[in-house]
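This report concerns only the one structure given below.
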């Protein structure tokens, strides 16, 4: 009698293993596209820093930096679409982050919306540079450049920790952020 269940059990395990294998490959691609997209978001504001500091008569340098920024932004768009689409597939298709105790996923989606807003802000800033309408300083762009780092740190910590105690999570996160700021300030101060 037990042997009669073996083919059914084997078939069920095969389907479950196939389901898990597909989900893990989708998750892998999601992580690769997200990391690549963030690389663009890390570098694009650095180009903005350089654009903001270009001397008024340096037409060739400005044109070169604008070309670099446009190409990087176009490439970042190409990376953003599959990164977000694969994330939605994992969430809606595989149910990752559904059910009770999954409030971390809501916070992650909020952080993803902030990253999309940051990406959109980069588009608008590049248009201002193209039209010669930049009103921001080099220093402002240096601070603006840190936003995607903080957003990525928040997203990764939410996905890894999957907090249920939000007070403890936010307290730990803010203390960690304070340590990072202190180390960064010390490194900046020593460099001067």
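The values are calculated or read from the model by the stated rules, or taken from the named source; none is laboratory data. Just so you know, these numbers come straight off a predicted model, no measurement behind them. Virtual Cβ from ideal backbone geometry, glycine too; neighbours counted across all protein chains shown.
Residue-wise test of (1) closer than 17 Å to residue 155 by Cβ; (2) touching a helix residue (DSSP H, G or I) at 6+ places or on another chain (Cβ under 6 Å); (3) loosely packed, with under 13 Cβ neighbours inside 10 Å.
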site: 41; (1), (2), (3): yes, yes, no
site: 63; (1), (2), (3): no, no, yes
site: 94; (1), (2), (3): no, yes, no
site: 105; (1), (2), (3): yes, no, no
site: 108; (1), (2), (3): yes, yes, no
site: 116; (1), (2), (3): yes, no, yes
(request) Could you grab me the full set of residues in segment 169-191 that are under 18 Å from the mean Cα position of the chain (by Cα) and closer than 27 Å to residue 28 by Cα? (result) 173
(request) Answer yes or no: is there a residue in segment 150-168 that is over 19 Å from the mean Cα position of the chain (by Cα), in contact (Cβ under 8 Å) with a residue 60 or more places away in the chain, on the phi < 0 side of the Ramachandran plot and in a helix (DSSP H, G or I). (result) yes
(request) Name every residue in segment 81-103 that is under 19 Å from the mean Cα position of the chain (by Cα), free of Cβ contacts under 8 Å to residues at least 60 places away in the same chain and part of a helix (DSSP H, G or I), in order of residue number. (result) 81, 82, 83, 84, 85, 87, 88, 91
(message) If the requirement is being assigned to a helix (DSSP H, G or I) and under 25 Å from residue 53 (Cβ atoms), which of these qualifies: 187, 182?
(response) 187
(request) Restricting attention to segment 31-70, report how many residues are farther than 19 Å from residue 143 by Cβ, within 11 Å of the chain's Cα centre (by Cα) and touching a residue at least 40 places away in the same chain (Cβ under 8 Å). (result) 4
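Looking only at segment 111-131, decide whether some residue is in a loop (DSSP other than H, G, I, E, B), at pLDDT 90 or above and within 20 Å of residue 72 (Cβ to Cβ). Working first, answer last.
Restricting attention to segment 111-131, the residues satisfying the condition of being in a loop (DSSP other than H, G, I, E, B) are 131.
Within this subset, residues satisfying the condition of being at pLDDT 90 or above are 131.
Next cut, within 20 Å of residue 72 (Cβ to Cβ) only: 131.
So far as segment 111-131 goes, yes, one or more of its residues are in a loop (DSSP other than H, G, I, E, B), at pLDDT 90 or above and within 20 Å of residue 72 (Cβ to Cβ).
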